[in-house]
Amino acid sequence: NKIVIDHNGEAYISKLKYGDYKLIETISGKGYLLDNKEYYFNINQENDSIELELLNEVIKSKIIITKYLKNDKKVELEQNVKFQVINVNNEIYKEIETNENGIAEFELPYGTYTIKQINTTEGYYKIDDFIITIDESSNKEIAFYLHDLKIPDTNEKNITFNSKIYEMSLFK
């Protein structure tokens, strides 16, 4: 028999005959991992009502951001860079900061997020906002290698820059 979970997350089966049963999940809810466990139970005269509470794990990925400063002479790690992780409702889901090695690690559950760099080292551009989507096809770990480029020294005070230049590498 198939059991369908309702919108409250509940399902009921009535009129099962006495005997041994096995319950397995064949389809998980959107954003959740399939539960591969097998649940065994027995219905008999003394035990004619069974209640099972099953929990599905949310799909999530570990995000690793490595932040660099890039200029003509060298590339160096950038520490203490703050990012905001913004959800689809335009709410700050999380704030993160790179450590002394220029790395920020955190987990994101199923969904789509905008990553916004808040600060940078003086004399460097910040990267533009970018989007991360965590879904059924996402890897367990997603690494970003982000480079802030040096603002060119023009020795002219009246020049303004309208575009933000950055390089971003994504490795799944």
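Here are the numbers for this structure:
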read-out: Selection count, segment 98-123, where residues are loosely packed, with under 14 Cβ neighbours inside 10 Å, closer than 17 Å to Ile142 by Cα and among the charged types (D, E, K, R); value: 1
read-out: Pairs with Cβ under 7 Å, 6+ apart, first in segment 129-149 and at pLDDT below 95 and assigned to a strand (DSSP E or B), second open to solvent by less than 60 Å² (accessible area, probe 1.4 Å) and of a type in the set (Asp, Glu); value: Asp148/Glu78
read-out: First in segment 1-27 and over 15 Å from Leu52 (Cβ atoms) and of a type in the set (Ser, Thr, Tyr), second anywhere and part of a strand (DSSP E or B) and open to solvent by less than 100 Å² (accessible area, probe 1.4 Å), Cβ under 6 Å, 6 or more apart; value: Tyr18/Ile43
read-out: Number of positions in segment 49-82 that are open to solvent by 100 Å² or more (accessible area, probe 1.4 Å) and of a type in the set (A, V, I, L, M, F, W, C); value: 1
read-out: Any hit, segment 153-166, residues being touching an Asp or Glu at 6+ places or on another chain (Cβ under 9 Å), surrounded by 15 or more Cβ atoms within 10 Å (Cβ to Cβ), within 26 Å of Glu91 (Cα to Cα) and at pLDDT 95 or above; value: no
read-out: Selected residue [open to solvent by 30 Å² or more (accessible area, probe 1.4 Å), over 18 Å from Glu76 (Cα atoms), among the basic types (Lys, Arg) and free of Cβ contacts under 8 Å to residues at least 60 places away in the same chain] from Lys94, Lys126; value: Lys94
read-out: Candidate set from segment 24-48 (those that are open to solvent by 90 Å² or more (accessible area, probe 1.4 Å) and assigned to a loop (DSSP other than H, G, I, E, B)); member that is modelled with the lowest pLDDT; value: Asp48
read-out: Positions within segment 68-89 being outside any loop (DSSP other than H, G, I, E, B), among the charged types (D, E, K, R) and more than 18 Å from the chain's Cα centre (by Cα), in sequence order; value: Lys70, Glu76
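Results for (1) farther than 17 Å from Phe106 by Cα; (2) in contact with a Phe, Trp or Tyr (Cβ under 9 Å, 6 or more places away or on another chain), shown as yes or no for each residue.
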{"position": "Ile63", "(1), (2)": "no, yes"}
{"position": "Gln79", "(1), (2)": "no, no"}
{"position": "Val88", "(1), (2)": "yes, yes"}
{"position": "Ile92", "(1), (2)": "no, no"}
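The values are calculated or read from the model by the stated rules, or taken from the named source; none is laboratory data. All values reported here derive from a predicted model rather than from experimental measurement. When we count neighbours, we look across all protein chains shown, and the Cβ atoms used for this are built from the backbone with ideal geometry, even at glycine. With ligands, DNA and RNA removed, areas are computed over all heavy atoms of the protein, side chains included. Shrake-Rupley method; radii C 1.70, N 1.55, O 1.52, S 1.80 Å.
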